[in-house]
Amino acid sequence: MATPGELCSKTAELLGFPPNTTLIAWRALREDGRVTTGGRGKSAAHCSPSDAANLLIATIGKLPLQSSLKSWERFAGLTRTRIREARRQYTTREVGVISALKQGRSFQEGLTALITAAMSGSLQELPNPPSIQVNFHGPLPNASIRLEGHISIWIFYDDAPKGSDLEPNQDGDLQQSVDISGKTILGLGEFIRRSGSSN
């Protein structure tokens, strides 16, 4: 599996960010106990799809600009509020991907399921691979995961995290939306898989 440094570098590369952007986000998550930890060198921690999902959330979720940990707190705990799904006859492989996504009740769990499907090859092996879009919206945080093609499912996460004191007027009026595509999701899944097979 990938080490934290390798995962940070690959994530920054896929997003087109400077490497220190993801390293700062990882450090904040590590210090708060939100990601896998371990030693250095050969004993360095090995990252999971959940770690990759947490890193994406902390890096991208700065809407408006917040600390990486604050960004992670704002988005990771969003709960699934609704699902839009086309009524189609899915193949066995497609059912597996969809059921994994539906099981994730938080945005972090849904994103982890998506990266896990990419790591296992389930997404790539579908007869007609869907286009993938993951959306982060702010200032009042909400997010979505969308697969569109033969599979058509759109999952929305827009409940404020429990215990949150966020109110619409506290975060200003500037609305921002950031999307990532299958390039990042499939790239991270493939990277974690290849890193695991090389150890």
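Some notes on this structure:
- In region 123-165, of all residues being of a type in the set (S, T, N, Q) and more than 26 Å from Gly77 (Cβ to Cβ), the one that is surrounded by the fewest Cβ atoms within 10 Å (Cβ to Cβ) corresponds to Asn128.
- The residue that is surrounded by the most Cβ atoms within 10 Å (Cβ to Cβ), counting only those in region 24-44 that are modelled with pLDDT of 90 or more and assigned to a helix (DSSP H, G or I), is Ala25.
- Residues of region 58-86 classified as within 15 Å of Phe156 (Cα to Cα) and of a type in the set (Val, Ile, Thr), total: 3
- Qualifying positions in region 94-108 - touching a residue at least 24 places away in the same chain (Cβ under 8 Å) and either more than 12 Å from Ala143 (Cα to Cα) or assigned to a loop (DSSP other than H, G, I, E, B) (or both): Glu94, Gly96, Val97, Ile98, Leu101, Lys102, Gly104, Arg105
- Scanning region 130-158 for residues that are part of a loop (DSSP other than H, G, I, E, B), out of contact with any helix residue (DSSP H, G or I) (no Cβ under 6 Å at 6 or more places or on another chain) and under 17 Å from Val95 (Cβ atoms) turns up Pro130, Gly149, His150.
- Selected residue [modelled with pLDDT of 90 or more, in contact with a Phe, Trp or Tyr (Cβ under 9 Å, 6 or more places away or on another chain) and within 22 Å of Arg34 (Cβ to Cβ)] from Ser106, Ser177: Ser106
- In region 60-74, the qualifying residues are those that are in a helix (DSSP H, G or I) and more than 10 Å from the chain's Cα centre (by Cα), and the one that is surrounded by the fewest Cβ atoms within 10 Å (Cβ to Cβ) is Lys70.
The values are calculated or read from the model by the stated rules, or taken from the named source; none is laboratory data. Just so you know, these numbers come straight off a predicted model, no measurement behind them. Positions of Cβ are generated from backbone atoms using ideal geometry, with glycine treated the same way; all protein chains shown enter the neighbour counts.
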